[in-house]
Every structure is written in structure tokens, then in C-alpha cells.
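Take a look at the structure below.
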Amino acid sequence: MNKKVPAGNHARPNPLEGCPLAAAFAAIGGKWKLTILYWLAHGELHFAGLQHRVTPISNKVLAEQLRELEADGLVDRIPTGPVPAPVIYQLTEYGKTLLPIVEGVRVWGEGHLRRKETEQRFDGIGCSNEISVERDGRRASAP
């Protein structure tokens, strides 16, 4: 599968045709995508803002992950002017449908950290804040 998706290409091939799990993992699997979606759930961010929050991700990997999320219709890339103006990234409406899953994984991770007796980061950069998810037009906390 070609990970370097050209801008505007919104159709990435499913590696196992007809398998919903393969389709889901192709869209949101990998080391950084859920973390990127988590931070974008808190509001739009420019590239440098995302990189600061998703540290220690490299520029190259962040750009690749954002291109893939954009190609799958989960993230919008909004140029703010001519190059080299900053680019803003935000979740699409379709991307927002993943927030209950992202929050569920985050909550599971908290329990897993406690189970492993590992200290959680509380330096403001960690991802311990709950995501507020809209349900039936109302704001509610994800399960």
C-alpha cells in the first residue's frame, strides 16, 4: 500500500477487501493516528501545535499520518494563505464519528496503566483529559 497519498485523493485501498477490521485499522491504526485524532478532538491545530502535543513524532511521520487521515476523510487540511503560511488541521464531521472510539481507547489505556502500575504523565502534554462527544445534538462525555 502506498502511504504517500497525493493531496485530494480520498480513496485508499483496503488491504483485505471486505474485512471491516482491516478497513478500520487501515484508517486509524498505527502508532500515532489515535493520538492525532485525540488532540484534534480538542480543537483545530496547526502542524507545529500538533507536533508539540504528539512529541516525539518526527515531521516526516506526522506529515504522512496527516496525509493518510486526510485521504480517509477524517481530517481537513486548511491552508491559511500562500506558502509558507501555516496550515490548520481539524476533524471532519466523519472524523468526529471516531471520538467515542478514541475516548474508549483512552479510558482503556488509563486502566491498563493502573494495571501495569505505571505512572501516568500529568505535565499538561499527556492525554488524560476526557473528550466531549456530541450525541443526538447534545454534548456528552464519551463512555
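Every read-out reported here was derived from the displayed coordinates using simple, explicitly stated rules and does not represent laboratory data. Note that this is a predicted model, so its numbers are computed, not measured. Don't worry about glycine lacking a Cβ; one is built from the backbone with ideal geometry, like all the others, and counts go over all protein chains shown.
Details
- C-alpha center-to-center spacing [the stretch 23-38, the stretch 41-64] in angstrom: 13 Å
- Cβ-derived FRET efficiency at R0 30 Å, residue 19 paired with residue 136, nearest 0.05: 0.50
- Extension gain, residue 85 back to residue 110 (0.36 nm per residue minus Cα-Cα distance, nm): 5.3 nm
- Packing, taken as the mean count of other beta carbons within 10 Å per residue, orders the peptides 92-103, 74-85 from highest to lowest as 92-103, 74-85.
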